[in-house]
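The values are calculated or read from the model by the stated rules, or taken from the named source; none is laboratory data. Source: prediction; values computed, not measured. Methodologically, a virtual Cβ is constructed for each residue, glycine included, from the backbone with ideal geometry; neighbour enumeration extends over all protein chains shown. The accessibility values were calculated without ligands, DNA or RNA, using every heavy atom of the protein model including side chains. Shrake-Rupley method; radii C 1.70, N 1.55, O 1.52, S 1.80 Å.
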Amino acid sequence: MRRRSVLIAVPAGLVTIAGCGDSDSSSSKASASPSPSPSSSASAVPPPKLVDGPLPAITAGTKFDEKPTVAKGTGTPSKDLAVKTVIAGGGKAVAEGDFVKVNYLGQIWSTAKVFDNSYDRNTSLVIQLAQGGIIDGWRYGLAGKKVGSRVEMAIPPTWGYGTAGSPEAGIKGTDTLVFVIDIQDSFNAKSSAKGSTVAQSDADLPKVGTNTDGKAPSVTVPKADPPKKLVSNYVLESDGAVVKADQSILCQFKGVVWSTGKEFESTYSQGRLSQFALKDMLSVVKGLAQGITGKKVGSRIMIVAPADLAYGDTPPSGGAIKKGDTLVFSVDILAAM
């Protein structure tokens, strides 16, 4: 019987969560933003036919990552999924199952009423293109599009919120939805931190590999007593924004026990990324949350969490972590929201 993840109890905090590893269940989902999340009546539908229109004009904010103004839809919208690449990006292509980092605006075809947008929040959305975690119009409409692209879509109810609509957002079960989406980045299980290599010169601290091929970095624990205080050092330092304590992150990570060097959990071995809110992680592994806070997005860091900032005297049962164990983490901070 496969053991339950020691970190899966951390709730999402912002968007879809692939918990810090869960070897016996699929990713759990949650959302604090109504627009891209599916309703129960909009699941298990057949794939749509993709057409190139009709789509309303974007009348202002026409550059990539500018907040767009979109005209009211005219005439009858297509019953198929209308998708158009307004600005073609030159980055990697997005695939279903990837996480995407986007800015977006959503409005109702018939009224041009904007029901949600990320531009005004100054916070990009990071969400997985996976069934059950996002409306199907996004899943099918963004697949194959390249990072750096602006995509406009008109999504009928079948691939939106279904016949139930989304009353809290003012969306009826008959509404076709118009989205403008700027794809800023994408991530998957092969994603890795990118940055300048930082010297790891302290012989009494673990050494973490600097490979950026998406494979798990090595974590070598020294034959020395562990530090009694939290350690958080760069391995690869990026020039991204600093992670704040009230944010959620998307990451790759590998955790090992100091005393044995044994891996207890890893996104690399599970083949999927982890997403969690730092404020929620404080109640699970406090040192992990504290060690990530203040570090730059895009970086790889090495964290040593003493027992009093990890599981202390109450480790998860049946696993590699024992009472009083110090934990070592390699964390690739892919995105912060």
Restricting the search to region 201-212, which residues are open to solvent by 50 Å² or more (accessible area, probe 1.4 Å) and either closer than 18 Å to residue 274 by Cα or touching a Phe, Trp or Tyr at 6+ places or on another chain (Cβ under 9 Å) (or both)? 212
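Go through region 173-211 and give me each residue that's in a loop (DSSP other than H, G, I, E, B) and within 30 Å of residue 113 (Cα to Cα).
Kept after step one, since they are in a loop (DSSP other than H, G, I, E, B), are these residues of region 173-211: 173-176, 188-195, 198-206, 209-211.
173, 174, 175, 176 - these are the residues of region 173-211 that are in a loop (DSSP other than H, G, I, E, B) and within 30 Å of residue 113 (Cα to Cα).
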Could you count how many residues in region 282-337 are farther than 30 Å from residue 122 by Cα and not aromatic (Phe, Trp, Tyr)? 24
Specify the residue that is farthest from residue 149 (Cα to Cα); the eligible residues are those in region 75-114 that are open to solvent by 30 Å² or more (accessible area, probe 1.4 Å) and not in a loop (DSSP other than H, G, I, E, B). 114
Go through region 297-320 and count every residue that is touching a residue at least 60 places away in the same chain (Cβ under 8 Å) and under 30 Å from residue 185 (Cα atoms). 7
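Please specify each residue of region 119-148 satisfying the condition of being of a type in the set (Gly, Ala, Ser) and either at pLDDT below 95 or farther than 24 Å from residue 61 by Cβ (or both).
Correct list: 124, 130, 132, 133, 143, 144.
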Which residues, taken from region 226-263, are touching a Lys or Arg at 6+ places or on another chain (Cβ under 6 Å) and either free of Cβ contacts under 8 Å to residues at least 24 places away in the same chain or assigned to a loop (DSSP other than H, G, I, E, B) (or both)? 238, 240, 243
Output yes when any residue across region 264-279 is in contact (Cβ under 8 Å) with a residue 12 or more places away in the chain and over 23 Å from residue 99 (Cβ atoms), and no when none is. yes
Residue match in region 156-166 (condition: at pLDDT 95 or above, within 30 Å of residue 333 (Cβ to Cβ) and either crowded, with 23+ Cβ neighbours inside 10 Å or touching a strand residue (DSSP E or B) at 6+ places or on another chain (Cβ under 9 Å) (or both)): no
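Given the residues 238, 317, 232, 299, which is the only one that is polar (S, T, N, Q) and modelled with pLDDT under 95? Even if it seems obvious, please write down each step before you answer.
On the way: 238 fails: modelled with pLDDT under 95; 232 fails: modelled with pLDDT under 95; 299 fails: modelled with pLDDT under 95.
The conditions single out 317.
Restricting attention to region 113-138, and to residues there that are among the hydrophobic types (A, V, I, L, M, F, W, C) and free of Cβ contacts under 8 Å to residues at least 60 places away in the same chain, which single residue is nearest to residue 45 (Cα to Cα)? Let's see the steps before the verdict.
So in region 113-138, the residues among the hydrophobic types (A, V, I, L, M, F, W, C) come out as 114-115, 125-127, 129-130, 134-135, 138.
Restricting the remaining residues to those that are free of Cβ contacts under 8 Å to residues at least 60 places away in the same chain gives 114, 129.
Values: 114: 26, 129: 15 Å.
Restricting to residues being among the hydrophobic types (A, V, I, L, M, F, W, C) and free of Cβ contacts under 8 Å to residues at least 60 places away in the same chain, the top hit is 129.
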